[in-house]
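The values are calculated or read from the model by the stated rules, or taken from the named source; none is laboratory data. The shown structure was predicted, so the numbers you read here are calculated from the model rather than taken from an experiment. Every residue, glycine among them, receives a Cβ derived from its backbone with ideal geometry; neighbour counts consider all protein chains shown.
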Amino acid sequence: MRRVGKSYPLHRAPKSAGSAFSWSLANTMISRLGTLGIGIVLARILGPEEFGTFAIALVALMAVLSFNELGVSLAIVRWSGDPGLIASTVNTLSVLGSTLFCALAWWAAPQFSELMGDPQATPVVRILILSVLLNGIVAGPAALLQRAFEERTRMAIDQANVWIGAILSVLLVFLGLGAMALAIGRVAGSFISALMFLRASPIKYRLGWNRGYASALVKFGLPLAGSSLIVFAVGYADQLSVGAMLGSVALGFYVLAFNLSSWPLNIISQPLRRVAPAVFSALQSDGPRLQEAITGLLKILACATIPAFLALSAAATPLVRFIYGSEWIPAAQVLSWLVIVALAKVFNELVYDYLVVVGRTNTVLAIQALGLCLLVPALVIGARTSGIAGVAVAYAVVSVLFLLPVYLWQLRRAGVGFTAVLKQLCLPLLAGVAAWAACTAATHFMALDLVDLAVGGTLTLALILLLLWNCRSEIQQIRRISRTESLEAAV
């Protein structure tokens, strides 16, 4: 690898944050709505046992992906100068890290599968883990696209990933490959998307090495990678506990409920998280505007998610029964608790991104580490006393009574007080209670699940639209933010 000290500037005109969020939102909604039908087909054909086997492999994949590129790619988003100066070194570190962790995960797959109660999951884990290497190769280009607000390009790449993987998985399931079909489809989609990332990269992809930059990147990335690993442990400790203590079938029920509970999170929070770090980075030299941005984003998130989460909690049983069938009803008993976890996670993740951009990576690491120490014993007690429902309750208690208050406390230390946050949450909370009451009433008085869901869903959607109209000024504020501002500040 040659030494790189040369700049490779971005030549594309910077996009606005508002445009990026709009494309990212469309990307996520099309992906989620499009794969809903495919997911229903797969769940109904495979059943809880095969679905649980794939869930084991997916937990292993998420574990390694949480830190496989050593956290250095986010430095490209946060970098206040020319990203071309560090891009090749970031690529090298990402490839080395992902190769190492992919090899370690391949070797550990049998032990992990046995620990999770399904030794037959080993081949599925090993195939799926190849996605780690692909992810590491394109971590740099993906971060460059995020920095430049190129979410329109990202949408095309993600749609290719989702649809190629999903369609191939369905075809292979019909051929009798079971859980392996899902792993092969996932890797195939990742491979095609990796090629597209390399082609779309704003800076020509190359490997290189600059010792000074490498040292700074590792210093920045290691606490973040460690924090990401602990974030994974906090986010997936429940699934690890269910698999290890209750078996793969119970894990299948739990993961189905977890996926349903994450729908509002994935549709709204995920696209916003692609834009938020770049927004915060663009304003990091302007303290007052940076604080306005975080409070504005908190309000937008609250308006879009709180009513949806509370409505989902009220409609858990008819939703599971209608979409997946009576065979999956055990998943409904945990869904109502897992939506509480997902709701807390929406705000925790946004504050996490804010703290990272303002340079408090060690703080988020400490928060997650302490949270994990509280969560693990709570999950074990919950699993032993009440099965998968007990695990969900334990997770909700730790998320709401510990992680959320601590994140808000750190946000206060960063200059954004509790009063400013609570002011943004009052109206969305009232609307959320109304949505919950409407869905609860529909559940009790409607005879058909379809009618129940249609009535509750329509009322909830109307409330969300009214709330978003009410915070239109905050939306316009975010839309005006462009990456140009950070480049001008750097000059």
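Within the range 320-334, which residues are polar (S, T, N, Q) and either within 14 Å of S261 (Cβ to Cβ) or at pLDDT 85 or above (or both)?
Q333, the sole residue that qualifies.
Which one of these does A447 not meet: (1) in contact (Cβ under 8 Å) with a residue 12 or more places away in the chain; (2) not in a helix (DSSP H, G or I)?
Going through the list (1) in contact (Cβ under 8 Å) with a residue 12 or more places away in the chain; (2) not in a helix (DSSP H, G or I), A447 breaks only (1).
Sort through S66, S80 and tell me the only one that's out of contact with any Phe, Trp or Tyr (no Cβ under 6 Å at 6 or more places or on another chain) and at pLDDT below 70.
S80
Going through the range 408-449 one residue at a time, which ones are of a type outside the set (A, V, I, L, M) and within 24 Å of I464 (Cβ to Cβ)?
At the first step, the residues of the range 408-449 found to be of a type outside the set (A, V, I, L, M) are 409-410, 412-413, 415, 417-419, 423-424, 426, 428, 432, 436, 439-440, 443-445, 449.
K423, Q424, C426, P428, G432, W436, C439, T440, T443, H444, F445, D449, listed by residue number.
Yes/no per residue for (1) over 16 Å from A304 (Cβ atoms); (2) surrounded by 14 or more Cβ atoms within 10 Å (Cβ to Cβ); (3) among the basic types (K, R):
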| position | (1), (2), (3) |
| --- | --- |
| S386 | yes, yes, no |
| V391 | yes, yes, no |
| V398 | yes, yes, no |
| R413 | yes, no, yes |
| A434 | no, yes, no |
| D452 | yes, yes, no |
| L463 | no, yes, no |
| C471 | no, yes, no |
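It is to be established whether one or more residues within the range 203-217 are buried (at least 20 other Cβ atoms within 10 Å of the Cβ), farther than 26 Å from P110 by Cβ and among the hydrophobic types (A, V, I, L, M, F, W, C).
Looking for residues that are buried (at least 20 other Cβ atoms within 10 Å of the Cβ), farther than 26 Å from P110 by Cβ and among the hydrophobic types (A, V, I, L, M, F, W, C), one finds at least one in the range 203-217, hence yes.
Take the conditions in contact with an Asp or Glu (Cβ under 9 Å, 6 or more places away or on another chain) and either within 26 Å of I267 (Cα to Cα) or at pLDDT 65 or above (or both) and apply them to I38. Does it pass?
So I38 fails the test.
What about L144, is it out of contact with any Lys or Arg (no Cβ under 8 Å at 6 or more places or on another chain) and either under 16 Å from Y205 (Cα atoms) or of a type outside the set (F, W, Y) (or both)?
Here the answer is yes, as L144 does meet what is asked.
Looking only at the range 158-197, count every residue that is surrounded by fewer than 18 Cβ atoms within 10 Å (Cβ to Cβ), closer than 20 Å to N135 by Cα and out of contact with any Ser or Thr (no Cβ under 9 Å at 6 or more places or on another chain) and tell me the total.
Summing the residues that are surrounded by fewer than 18 Cβ atoms within 10 Å (Cβ to Cβ), closer than 20 Å to N135 by Cα and out of contact with any Ser or Thr (no Cβ under 9 Å at 6 or more places or on another chain) in the range 158-197 gives 2.
Taking A308 as meeting all but one of (1) modelled with pLDDT of 85 or more; (2) more than 19 Å from the chain's Cα centre (by Cα), write down the number of the exception.
It fails just one condition, (2).
For residues in the range 148-157 being modelled with pLDDT of 75 or more and of a type outside the set (A, V, I, L, M, F, W, C), which is surrounded by the most Cβ atoms within 10 Å (Cβ to Cβ)? Even if it seems obvious, please write down each step before you answer.
Within the range 148-157, the subset modelled with pLDDT of 75 or more is 152-157.
Those left that are additionally of a type outside the set (A, V, I, L, M, F, W, C): 152-154.
Numbers: R152: 16, T153: 20, R154: 23.
Of everything passing the filter in the range 148-157, R154 is surrounded by the most Cβ atoms within 10 Å (Cβ to Cβ).
I'm trying to understand the selection: among the residues of the range 186-205, which are in contact with a Leu (Cβ under 7 Å, 6 or more places away or on another chain) and of a type in the set (V, I, T)?
V187, I203
Taking the range 78-129, which residues are among the polar types (S, T, N, Q), within 18 Å of G212 (Cα to Cα) and surrounded by 22 or more Cβ atoms within 10 Å (Cβ to Cβ)? Working first, answer last.
If we filter the range 78-129 for residues that are among the polar types (S, T, N, Q), which is where we start, we get 80, 88-89, 91-92, 94, 98-99, 111, 113, 120, 122.
Restricting the remaining residues to those that are within 18 Å of G212 (Cα to Cα) gives 80, 88-89, 91-92, 94.
Hits for the range 78-129 are S88, T89, N91, S94.
Among the residues of the range 173-184, which ones are at pLDDT below 90 and either at negative phi or part of a helix (DSSP H, G or I) (or both)?
The first filter runs over the range 173-184 and keeps only residues at pLDDT below 90, leaving 173-183.
Those that are at pLDDT below 90 and either at negative phi or part of a helix (DSSP H, G or I) (or both): V173, F174, L175, L177, A179, M180, A181, L182, A183.
Sort out which residues of the range 106-144 are closer than 13 Å to A194 by Cβ and in a helix (DSSP H, G or I), and write them in order of number.
L130, S131, V132, L133, L134, N135, G136, I137, A139, G140, P141, A142
Given the condition more than 24 Å from the chain's Cα centre (by Cα) and modelled with pLDDT of 90 or more, answer yes or no: does some residue in the range 412-429 qualify?
Looking for residues that are more than 24 Å from the chain's Cα centre (by Cα) and modelled with pLDDT of 90 or more, one finds at least one in the range 412-429, hence yes.
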